[in-house]
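Structure first, then comments.
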Amino acid sequence: MKRTAFFIVLMLSAVRLAGQSPQLPPLSYICIMKGDEDVIEDKAGRCRKCGMELKPIRLDAIWTCPVHAAVIKDKPGTCPIDGRDLVQMTMAVSWTCPNSTIDAITPGTCPDGSPMVKKYTQRPHGNHNPQHGGLFFMAPDNWHHLEGTYRSGGVFRMYLYDDFTKPLARDQVRQMTGRVITTSGESFPLVPVQNGRYLEAKIGKVAFPAEMAAKLKFKSTSPENHFDFTFPGYSKEAAAPVTTTAQTGSRQPQSTPSAPSNISSAAPGTTAVNSAPVESPVASGVDPGLVPLPIPETVPEMIAQLSQRTEQIKRFIDQGSFSNVYVPAFQAKDLALALDEHKKDLRPEDLKVAGPAIKRLVRAAWLLDAFGDIGNKQQITEAYAQFAAAVKDVESVFPASEATRRR
Amino acid sequence: MKTRRLLAVAAAVAVAAALTSRHGEAHKAVTSKYTFNDDVFPIVKERCAPCHVEHGVAPMSLTTYKDAFPWAESIRAELIAGHMPPWNAEEGFGDLKHPRTLTAKELDVILTWATGGNPQGNLDETLPAVTLKNDWAMGPPDLALKLPSEFAVPADKMDATGEFTLPTGTKEARWVRAVDLLPGTPSVVRSAVIYLKGAAGSASTGASPDRILALWVPGHDVEPLDGRVAFRLPAGAELGVRVHFKKTWQFEGQPVSDRSTVGVYFASEREAQELLAVPIVSPPPAADTTFTFTRTIDEDVQALAVRPDEVPPNITVQMTALLPDGSRAPMIKLNTRPDWSRRYWFEKPIALPRGSRIEVVANLENPDILSEAFGSVGSTPKPAVTAPPLKLAINVVPAKTKLVGW
């Protein structure tokens with residue numbers, strides 16, 4: 001789903017770069033069949049899977065509080081409730097009227113003459129942000145999500161979520177078994193705490209950056225999943241953590257509590273904003289790292305940017321920010337493909353190095369993307385080793401400056 | 001068999017899930033700027049269709065949008081894993097003829113399409129039909145030898161190996177520039193080894209006439225010798241043919257039979273240099289995950305090809321020539337897989353003066369990082385790997401042999 005966010009950012013950025021000022025986010029089309037809510041197409045038609053007519057929606061990248069999704073902002077800032085930095089989330093946007101079932105994809109006027117109210121609805125995978133100041137991963141089953149925190153008492157705590165990043169029902173959490181393994185090799189059982197609100201392992205104090213791996217089975221019969229965590233410091237909990245609990249098996253989002261005075265709760269999982277509609281493009285507040293950069297014109301500039309992206313990937317991995325790795329990886333891949341167009345200028349012996357190296361780089365970028373969200377440090381580190389080796393080979397044959405180009 | 005199929009499906013799902021993480025659903029947002037009609041189809045038609053076509057040996061056709069898009073996640077997994085196209089030699093190490101690979105751009109186009117919502121493109125466009133091509137790549141052979149009998153893979157088996165003997169009926173010795181195979185039922189013929197029966201090599205020189213005439217895999221054209229270098233077929237020779245038959249899931253529970261034909265192409269030259277083979281055999285593998293062994297070349301030769309004869313799947317084998325002047329000539333680096341054993345021809349002959357050593361570095365630890373994704377084993381230590389000796393061979397001719405077309 002991060003790819004969806006990336007796509008939205010890309011589209012909005014492209015429009016912004018073209019000097020236009022879009023009034024509405026672009027239309028997407030979803031399947032409304034239960035269980036297929038995350039089906040998204042770019043044109044109208046029928047669902048390929050169930051044949052139902054697709055429903056048009058508008059997806060928007062907004063900024064919200066990490067644990068108070070009712071707060072909707074159009075640019076980065078701090079949460080008005082707990083003061084934490086806002087995080088980016090993908091939501092469906094529509095327009096509604098008070099006390100009505102109207103759900104329009106364009107703003108308009110209500111039967112009583114008042115302007116329609118903008119409404120945001122969560123989408124599956126729309127929120128991959130930590131809710132408790134920890135590190136957030138998605139499990140390989142594409143449905144479970146989890147967050148690990150390392151608290152000042154030497155306690156590793158794991159929160160479990162569904163695909164809407166809503167806490168799992170406690171009976172689901174109580175079925176889970178797992179352990180945490182520290183770098184010393186010691187293993188600590190993960191046990192349900194507070195009747196299954198989360199899992200905990202008392203691992204004691206670990207020097208920072210604190211590295212540990214969690215091995216978790218969602219059910220006794222399911223395979224064991226591996227997640228690597230690197231905590232730069234103790235995780236800091238928000239002042240008012242979310243307390244809602246999803247129903248077992250529910251894929252529907254729940255409303256969040258304690259909405260501020262200027263925001264009213266609408267249907268479950270939706271937020272209506274009574275203030276003036278946000279009309280400025282959300283991309284204005286987009287993380288610059290998410291905006292695809294234009295490819296430079298010269299080979300030395302491409303090489304320089306490739307080097308920067310490689311360092312950025314390394315930093316993300318070192319920080320344990322695996323889910324961010326795909327952004328510089330894809331940018332690097334695009335740079336490598338642009339370099340591929342220039343390889344005809346190379347000497348024959350360098351050409352033999354360049355072609356395979358660029359291909360290895362492209363494949364490794366896709367590997368980094370594939371492993372980025374899973375949270376297995378060994379896999380992503382090995383993928384990075386392949387990536388870095390390919391970059392090194394590319395750098396060895398393409399001139400780093402115009403002077404060397406003319407050698 | 002149902003269990004096996006379920007396991008296969010489960011494994012495929014596990015791989016797809018592990019690889020795709022958030023992309024496990026069949027439907028995804030369309031983020032791909034590449035469409036099937038405009039961008040993917042031309043690549044598939046050129047690179048994949050020899051096998052991934054209706055009635056082909058691959059378990060699915062990819063030649064229409066309807067055929068291809070349900071397999072997008074599988075395509076993604078196979079491409080990222082480096083399993084497809086099935087060319088096991090790593091690019092950039094050594095210089096091989098006619099590598100069957102995708103370009104970086106092609107790889108990116110297909111992956112972008114496979115992960116980015118699989119857009120079809122213009123719905124009104126009709127793509128040209130792609131049909132199975134099952135014909136002799138070099139034209140009709142000089143000698144077509146049908147397997148002596150129909151071989152049936154029974155309903156309750158998914159694969160089987162057939163051993164056949166084919167009398168050539170030749171009255172005199174002939175030089176052979178290529179041997180090929182034409183499947184009778186292309187969907188079930190997975191690989192074949194065609195060899196000369198009863199031929200003995202010369203043990204004194206270390207390089208003996210090559211008995212392996214062809215390592216056939218589907219979808220890959222035969223590489224003919226130039227005629228001045230050839231295989232020697234003695235008068236009245238018999239060919240041994242070992243065929244691996246493998247059914248795809250569509251034929252589960254059904255008997256499938258095949259009667260393939262072996263094609264022999266004679267060289268026009270009256271005299272030729274016989275293609276020789278130098279076996280490269282490892283000592284029993286050491287306990288280490290990576291071990292090195294060498295084979296000294298005791299005469300002046302030039303290497304034309306290499307083939308893995310007996311190597312376990314899913315390992316890395318790197319072969320380098322250590323020349324007497326101290327220089328190193330990379331030959332090949334293989335990521336081995338079952339069922340895709342072939343002969344790899346060097347783009348240019350590699351001169352191996354007497355005293356050269358062929359160094360083989362074998363990594364018996366599974367080097368494929370995606371194996372970690374299969375079972376979520378994380379950093380769990382791998383079990384010890386044991387393997388029989390590795391057997392490879394290089395094809396050589398004497399250094400003085402004049403080569404044409406290399």
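Output the residues belonging to region B:88-102 that are open to solvent by 20 Å² or more (accessible area, probe 1.4 Å) and either more than 12 Å from every other protein chain (Cβ to nearest Cβ) or of a type in the set (Lys, Arg) (or both). Scanning region B:88-102 gives B:97, B:98, B:100.
Of all residue pairs spaced 6 or more apart or on separate chains, those with beta-carbon atoms under 7 Å, a first member in region B:124-152 that is under 16 Å from residue B:67 (Cβ atoms) and open to solvent by 50 Å² or more (accessible area, probe 1.4 Å) and a second member that is among the acidic types (Asp, Glu) and part of a loop (DSSP other than H, G, I, E, B) are B:132/B:54.
Whether any residue in region A:315-324 is in contact (Cβ under 8 Å) with a residue 60 or more places away in the chain, out of contact with any His (no Cβ under 8 Å at 6 or more places or on another chain), within 13 Å of chain B (Cβ to nearest Cβ) and within 30 Å of residue A:144 (Cα to Cα) is what I want to check. Yes - at least one qualifying residue is present in region A:315-324.
Among the residues of region A:68-91, the one identified as open to solvent by 50 Å² or more (accessible area, probe 1.4 Å) and either modelled with pLDDT under 70 or within 15 Å of the chain's Cα centre (by Cα) (or both) is A:81.
For (1) at the interface with chain B (Cβ under 9 Å from one of its Cβ atoms); (2) closer than 19 Å to residue A:301 by Cβ; (3) open to solvent by 50 Å² or more (accessible area, probe 1.4 Å), each residue gets a yes or a no:
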{"position": "A:328", "(1), (2), (3)": "no, yes, no"}
{"position": "A:338", "(1), (2), (3)": "no, yes, no"}
{"position": "A:348", "(1), (2), (3)": "no, no, yes"}
{"position": "A:351", "(1), (2), (3)": "no, no, yes"}
{"position": "A:359", "(1), (2), (3)": "yes, no, no"}
{"position": "A:362", "(1), (2), (3)": "yes, no, no"}
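Scanning region B:36-83 for residues that are within 14 Å of another protein chain (Cβ to nearest Cβ), in a loop (DSSP other than H, G, I, E, B) and surrounded by 19 or more Cβ atoms within 10 Å (Cβ to Cβ) yields one hit, B:82.
From the list B:145, B:123, B:107, B:127, pick out the single residue that is in contact with a Leu (Cβ under 7 Å, 6 or more places away or on another chain) and not in a helix (DSSP H, G or I).
B:145
Would you call residue B:137 at pLDDT below 95 and among the small types (Gly, Ala, Ser)? Yes: the conditions hold for residue B:137. Looking across region A:177-201, just one residue is outside any strand (DSSP E or B) and in contact with a strand residue (DSSP E or B) (Cβ under 6 Å, 6 or more places away or on another chain), and that is A:183. Residue count for region A:147-181 under the criterion of being surrounded by fewer than 22 Cβ atoms within 10 Å (Cβ to Cβ), among the hydroxyl-bearing types (Ser, Thr, Tyr) and at pLDDT below 90: the result is 1. Within region A:129-147, being more than 10 Å from chain B (Cβ to nearest Cβ) and either assigned to a loop (DSSP other than H, G, I, E, B) or small (Gly, Ala, Ser) (or both) holds for A:129, A:130, A:131, A:132, A:133, A:134, A:144.
I'd like to check something: does region A:237-258 contain any residue that is in a loop (DSSP other than H, G, I, E, B), at pLDDT 50 or above, out of contact with any Asp or Glu (no Cβ under 7 Å at 6 or more places or on another chain) and surrounded by fewer than 21 Cβ atoms within 10 Å (Cβ to Cβ)? First the steps, then the outcome.
So the first thing to find is which residues in region A:237-258 are in a loop (DSSP other than H, G, I, E, B), and the list is A:237-258.
Subsequent filtering for residues that are at pLDDT 50 or above retains A:237-238.
Checking the rest, the ones that are also out of contact with any Asp or Glu (no Cβ under 7 Å at 6 or more places or on another chain) come to A:237.
Checking which are surrounded by fewer than 21 Cβ atoms within 10 Å (Cβ to Cβ) leaves us with A:237.
Yes, region A:237-258 has at least one match.
Of all residues in region A:89-126, which are touching a residue at least 60 places away in the same chain (Cβ under 8 Å) and outside any strand (DSSP E or B)? The answer is A:105, A:106, A:107, A:123, A:124, A:125, A:126. Tell me yes or no: at least one residue of region B:246-267 is surrounded by 15 or more Cβ atoms within 10 Å (Cβ to Cβ), farther than 30 Å from residue B:132 by Cα and not acidic (Asp, Glu). No. Taking region B:245-284 and the strands (runs of 3 or more DSSP E) fully enclosed by it, the elements with 3 or more residues that are under 30 Å from residue B:389 (Cβ atoms) and touching a strand residue (DSSP E or B) at 6+ places or on another chain (Cβ under 7 Å) are at B:276-281.
The values are calculated or read from the model by the stated rules, or taken from the named source; none is laboratory data. Bear in mind the structure is a predicted one, so any value in this text is a computation, not a measurement. Heads up, the Cβs are rebuilt from the backbone with ideal geometry, glycines too, and the neighbour counts pull from every protein chain shown. Side chains included, ligands, DNA and RNA excluded: accessible areas come from the protein's heavy atoms. Shrake-Rupley method; radii C 1.70, N 1.55, O 1.52, S 1.80 Å.
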